[in-house]
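Take a look at the structure below.
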C-alpha cells in the first residue's frame, strides 16, 4: 500500500505541480496557440514527451526500476494523447494513470 501511495503522490506532483500552463496547453496537438507559429517554438510532441518523461522519472524515483520508468513514459504519452485528442475526458485520463500505478505495484509485489 505504501508503494502505491508513493506512486500516486509522484503522479500528483508530476501532473499538477510540475506541469505548468505552457506545457498543459502545448502538449495538445489540437492547441490553437499562436506560439506554434513562432519560429523555433517546440512542436506539441516535444511538450507531450517532456511531460511523459517527468512522469517516468517520478516512477523511477519511487521504484528504482528503469523498465517501469520506460513503461510509464510510453503509457503516459498514449493516455495523454488520447485525452488531448478528445477520445475521453479528465476522469478517464486520471483513472487510467492510477491503474498504471496499480499495475506497477502488482508486478513488483507479486
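Every number in this text was worked out from the coordinates using simple rules, so none of it is lab data. This structure is a prediction, so every number in the text was calculated from the model and none was measured. Cβ placement follows ideal geometry from the backbone for every residue including glycine, while neighbour counts extend to all protein chains displayed.
Report the extension gain between residue 5 and residue 102 in nm, rounded to one decimal, defined as 0.36 nm multiplied by the number of residues separating them, less their alpha carbon distance.
Computed gain between residue 5 and residue 102 is 33.9 nm.
Gain in length, residue 13 to residue 41, computed as 0.36 nm per residue apart minus the alpha-carbon separation, to one decimal in nm? Spell out each step's value before the answer.
Numbers: separation 28, 0.36 × 28 = 10.08 nm, distance 2.57 nm.
Taking residue 13 through residue 41 to full extension adds about 7.5 nm, to one decimal.
Using just the helices of the chain, give the 222 nm mean residue ellipticity in deg cm²/dmol: DSSP H runs with n ≥ 4 each add -39,500 (n - 2.57), and the total is spread over all residues, rounded to 500.
Mean residue ellipticity at 222 nm (helix-derived): -22500 deg cm²/dmol.
Neighbouring Cβ atoms within 10 Å as the yardstick, rank 63, 38 fewest first. Display every interim value, and only then the final one.
On the way: 63 21, 38 9.
Neighbour counts put them in this order, fewest first: 38, 63.
Could you give the angle, 0 to 90 degrees to the nearest 10, between helix 66-84's Cα long axis and the longest principal axis of the Cα atoms of the chain?
It works out to around 40 degrees.
How big is the chain in terms of Cα radius of gyration and Dmax, in angstroms?
Just the Cα atoms of the chain yield Rg and Dmax of 14.4, 50 Å.
Output the relative contact order of the range 1-99, whole-number percent, from Cα pairs under 8 angstrom with separation of 6+ residues.
Rounded, it is 27 percent for the range 1-99.
Average the reciprocal distances over every distinct pair of alpha-carbons in the range 56-110, invert the result, and give the Kirkwood radius in Å.
Averaging 1/r across every pair of different Cα atoms and inverting gives 11.5 Å.
Looking at the P(r) of the range 24-71, how many percent of alpha-carbon pairs lie beyond 13 Å?
Of all Cα-Cα pairs in the range 24-71, 59 percent lie more than 13 Å apart.
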